[in-house]
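Engineer: The structure is given below, and queries will be raised subsequently.
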Amino acid sequence: MTYYQEQSPVATGLRGRCPRCGEGHLFDGFLTVKPRCSACGLDLAFADSGDGPAVFVILFAGFIICAMALVVEVRYEPPFWVHAVIFGPLVLAVCLGLLRPMKGLMVALQYRHGAREGRLDSE
């Protein structure tokens, strides 16, 4: 049996690496989690982050971008189309840029804490 040094879930998750070995890639495509790690063979079937990463990204991006839009509105009072041109692409870039690292972090934290799908106890 091979023993692996414990990896930081933050470091491996944000880089999109295997939570056990830190070497293999976690994703197959943009957000699809691979069935298993190519380096250590960890079965990644446990990885189900659900909507968690999207919620965190929306809350973070919404707070930052709304604050920026409010500052721009109060200081410069630009027309609406300027807001759309500036903040529309910014919303897409921030949300898409943060979604994959946040999903990797959620999967790594699930592995670290042994989180699994809820089951009912049979009596």
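The values are calculated or read from the model by the stated rules, or taken from the named source; none is laboratory data. What you see is a predicted model; the values in this text were computed from it and never measured. Cβ: placed from backbone, ideal geometry, glycine included. Neighbour counts: every protein chain shown.
Engineer: Which is assigned to a helix (DSSP H, G or I), out of contact with any strand residue (DSSP E or B) (no Cβ under 7 Å at 6 or more places or on another chain) and either surrounded by fewer than 15 Cβ atoms within 10 Å (Cβ to Cβ) or without any contact (Cβ under 8 Å) to a residue 60 or more places away in the chain (or both), of A54, A39?
Structural biologist: The match here is A54.
Engineer: If I ask for residues that are in contact with a helix residue (DSSP H, G or I) (Cβ under 7 Å, 6 or more places away or on another chain), of a type in the set (G, A, S) and more than 30 Å from A45 (Cα to Cα), which ones from region 69-114 would you list?
Structural biologist: Across region 69-114, the qualifying residue is only A69.
Engineer: Under 8 Å between Cβ atoms, which residue pairs at least 6 apart in sequence (or on different chains) link something in region 75-92 that is in contact (Cβ under 8 Å) with a residue 12 or more places away in the chain with a partner that is surrounded by 10 or more Cβ atoms within 10 Å (Cβ to Cβ) and not in a helix (DSSP H, G or I)?
Structural biologist: Final answer for the pair search is none.
Engineer: Any residue that is assigned to a helix (DSSP H, G or I), of a type in the set (D, E, K, R), under 30 Å from T2 (Cα atoms) and at pLDDT 95 or above - is there at least one of those in region 14-21?
Structural biologist: Scanning region 14-21 turns up at least one residue that is assigned to a helix (DSSP H, G or I), of a type in the set (D, E, K, R), under 30 Å from T2 (Cα atoms) and at pLDDT 95 or above.
Engineer: All but one of (1) assigned to a loop (DSSP other than H, G, I, E, B); (2) more than 19 Å from R112 (Cα to Cα); (3) in contact with a Cys (Cβ under 7 Å, 6 or more places away or on another chain) hold for Y4; state the number of the condition that does not hold.
Structural biologist: For Y4, the exception is condition (2).
Engineer: Shifting gears a bit: Can you run down the residue pairs with Cβ atoms below 7 Å, 6 or more apart or on separate chains, where the first is in region 110-122 and exposed (fewer than 15 other Cβ atoms within 10 Å of the Cβ) and the partner is of a type outside the set (D, E)?
Structural biologist: Short answer, once both residue conditions are applied: R116/F46.
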